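Asks: Sharing a structure below in C-alpha cells format, with a few things to ask.
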C-alpha cells in the first residue's frame with residue numbers, strides 16, 4: 001500500500017501535530033526525534049493521520065498511514081536538553097506553588113520532556129516578547145514529565161500524560177479547565193500554531 005504525502009498533510013492540517021506520548025521502553029532504546037512516540041495499549045492515536053483514516057483527494061479515496069512506532073526513552077541522550085531561552089522567570093513547582101499562594105497570583109504550568117520534539121518546538125514561543133510580557137503577570141512553572149512527582153502524577157491521572165501540556169491554574173493549584181488550546185482530544189496540548197490560545201489563556205489568567 002502506497003502512502004501519499006498529500007493525505008498526511010491534509011490530515012495534519014485538520015487535527016494539528018500529534019502530542020508526544022510516553023511509553024515504557026528498555027533502557028537502551030533512543031527516541032528518533034523525527035517520529036512522535038506512540039502508545040502501546042490503545043491510548044491516544046498513533047498520528048493525526050491515523051485519526052483521520054482516509055481522505056478524499058482529487059476525487060480519489062486516499063488512505064492515510066501512521067508513521068512507524070518510535071518509543072521514547074526513560075532518559076534522554078546527552079546534550080538533548082531543551083534550551084528555554086528568554087527572560088521568563090521559571091520556577092520549580094515547589095517554588096512556584098508556594099509563591100502563588102503567598103501572593104495570590106495565578107500560575108502557568110508547562111509540562112514537557114527533553115526527548116519530545118513537540119516540546120522542543122514549543123520552547124521558543126516563551127521567548128517571544130508578547131508572551132514574555134504576559135508571563136510577567138503570573139507565576140511561571142516548568143516541570144519535566146519524566147520527573148514523576150506525586151502532584152504531577154495526580155495531574156497525569158486526571159488529564160493524561162502526553163507532552164507538552166500547558167495548564168492555567170488558580171493560586172491554590174486548581175486547573176482552569178476553561179482555558180485550553182481548543183484541541184478536540186488533547187485540550188492542554190499547545191504548539192507554536194496555538195500561540196494565540198496561549199496568549200488568551202495568560203491574559204485571562206492574569207485578569208486582563
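Read the figures in this text as sums done on the coordinates, not as results from a lab. In this text the structure is predicted, and so the values were computed from the model without any measurement. So basically every Cβ, Gly included, is an ideal-geometry build from the backbone, and we count neighbours across all protein chains shown.
Asks: Mind pulling the per residue volume of the convex hull built on the Cα atoms of region 90-205? Å³ is fine.
Replies: Values: hull volume 11.0 nm³, N = 116.
With only Cα atoms used, region 90-205 gives 94 Å³ per residue.
Asks: Which order do peptides 171-179, 135-143 fall in by mean Cβ count within 10 Å, highest first?
Replies: So the peptides 171-179, 135-143, ranked by packing, come out 135-143, 171-179.
Asks: Can you give the relative contact order of region 90-205 as a percent, counting alpha carbon pairs under 8 Å and 6+ residues apart?
Replies: Over region 90-205, the number comes to 33 percent.
Asks: Sticking with this one: Only counting other Cβ atoms within 10 Å, I'd like 84, 115 sorted with the fewest neighbours first.
Replies: 84, 115
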